[in-house]
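The block underneath contains the structure these notes are about, expressed in structure tokens.
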Amino acid sequence: MSITIYVPCDSQRRSMGANRVASAITHEAAKRGISIELIRNGSRGMYWLEPLVEVATSNGRIAYGPVQASDVPSLFDADFTQGGAHALSLGLTEEIDYFKKQQRLTFARIGKTDPVSLTDYVNNDGYRGLKKRHSHDPSRHR
């Protein structure tokens with residue numbers, strides 16, 4: 001079974017070391033024989049905690065941050081792929097106070113999907129409005 005890990009890929013996070021973190025995670029997982037799926041998602045906007053790394057667990061996504069490439073081995077030592085305790089652990093992402101106070105509408109999927117993945121877009125009802133309009137368009141039934 002593959003473990004899903006999210007690392008942001010937007011330009012500001014890359015300037016903060018997100019690419020190095022993603023590379024270190026991939027390398028460390030391979031070195032330890034751990035199967036992962038690394039998803040490069042958009043940032044959730046918590047600049048002071050970036051790069052923010054999230055791991056999908058049965059309890060929800062667990063956040064770690066700010067993570068630097070040098071932190072990656074200790075994250076694996078702490079079993080972060082299963083939501084293990086670490087000094088950088090922030091708990092369940094959705095329970096972070098910053099998020100609990102928000103109602104995201106326009107940016108509801110930020111941090112949850114790969115922003116350039118059509119598959120992610122479709123899997124998250126990205127064409128729902130278009131499908132609804134298309135099915136109710138009287139000119140389509142002439």
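Taking segment 66-105 as the range and being under 18 Å from A18 (Cα atoms), open to solvent by 30 Å² or more (accessible area, probe 1.4 Å) and hydroxyl-bearing (S, T, Y) as the test, the residues that pass are S70, S74, S89.
Sort out which residues of segment 47-65 are assigned to a loop (DSSP other than H, G, I, E, B) and crowded, with 18+ Cβ neighbours inside 10 Å, and write them in order of number. Correct list: E50, P51, L52, G65.
State yes or no: is V67 touching a helix residue (DSSP H, G or I) at 6+ places or on another chain (Cβ under 8 Å) and either acidic (D, E) or within 12 Å of T81 (Cβ to Cβ) (or both)? No; evaluated as a whole, the condition is false for this residue.
The values are calculated or read from the model by the stated rules, or taken from the named source; none is laboratory data. Please read all numbers here as calculations on a predicted model, not as lab measurements. Reconstructed Cβ throughout: ideal geometry from the backbone, glycine too, with neighbour counts over all protein chains shown. Ligands, DNA and RNA are excluded from the accessible area calculation, which covers all protein heavy atoms including side chains. Shrake-Rupley method; radii C 1.70, N 1.55, O 1.52, S 1.80 Å.
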